[in-house]
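A.B. asks: So that we are looking at the same thing, I have put the structure below in structure tokens.
The values are calculated or read from the model by the stated rules, or taken from the named source; none is laboratory data. Just so it is clear, the structure is predicted and the values come from calculations on it, not from any experiment. As a convention, Cβ positions derive from the backbone with ideal geometry for all residues, glycine included, and neighbour counts pool all protein chains shown.
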Amino acid sequence: QAAAPAPSAPQPGYPSAPGVPVPPAPTAPTPEIQPPPQVPPAPAEPELDPNSLEGLLHAASKASREGRKPQAADAYRRVLAMDPTHGEALTWIEDFLRQRRKFGDLRGVLMAAAGEDVPVDDRLLRMREAAEICEQKLRAHDNAIACYRQILGLEPDDEETRTSLEKLLEKQKRWDELASVLEARAQQLDEADAKVTYLERVAQVHEKWRR
């Protein structure tokens, strides 16, 4: 007789014959845990000389953001001492001084930023602001008159400034100076009618002067 077939080995996960241990089911391999990617540290800010223009700007901007306005003002003033027309410093200091109503200091800042090496349009803008501050805020009429004269020296056809100067001279009863301004303007004009108008005004001023 043929030999009886050997019993097949029990399959994992299936019941085996009584008394025969069941081999464990194969387990899936544990995935290898990768470490998180290393983030390179942020580059350190370069150290700035605290007395350089860049260092002062950095300190001023930081102090302003943190609400330390006196410290920011001090740093921005030092910037303006190096560069009177620096845009960021000039704008910040102008706003700061207006808020504090420190109009004398503001006039000085504006005139320092209106030097001869500054473009004419910028000079005129700052000198007009300074003249207005002198006349309306400080009542410093001599300084206002000086500013108006400087403006007319750069822009003889600035009628708004000329009118302001004439009104201020008349208000201060400075008849000789007013007559001189009117005569100078009459000489600058080519149109006969306009020239006559100014000369008539000169005559009226002399009438007031003699009273």
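A.B. asks: What are the residue pairs meeting all of these: first residue in the range 175-202, first residue free of Cβ contacts under 8 Å to residues at least 12 places away in the same chain, second residue aliphatic (A, V, I, L, M), Cβ atoms under 6 Å, and 6 or more apart or on different chains?
C.D. replies: Lys195/Ala186; Lys195/Leu189
A.B. asks: Those residues that are among the polar types (S, T, N, Q) and touching a helix residue (DSSP H, G or I) at 6+ places or on another chain (Cβ under 7 Å), I need them from the range 45-102; list them, please.
C.D. replies: Answer for the range 45-102, where residues must be among the polar types (S, T, N, Q) and touching a helix residue (DSSP H, G or I) at 6+ places or on another chain (Cβ under 7 Å): Ser64, Gln71.
A.B. asks: Do the conditions hold for Ala113, that is, is it under 15 Å from the mean Cα position of the chain (by Cα) and under 21 Å from Tyr148 (Cβ atoms)?
C.D. replies: It is true that Ala113 is under 15 Å from the mean Cα position of the chain (by Cα) and under 21 Å from Tyr148 (Cβ atoms).
A.B. asks: Go through (1) out of contact with any His (no Cβ under 6 Å at 6 or more places or on another chain); (2) under 28 Å from Ala130 (Cβ atoms); (3) at pLDDT 95 or above and name the single condition Gly67 misses.
C.D. replies: All conditions are met except number (2).
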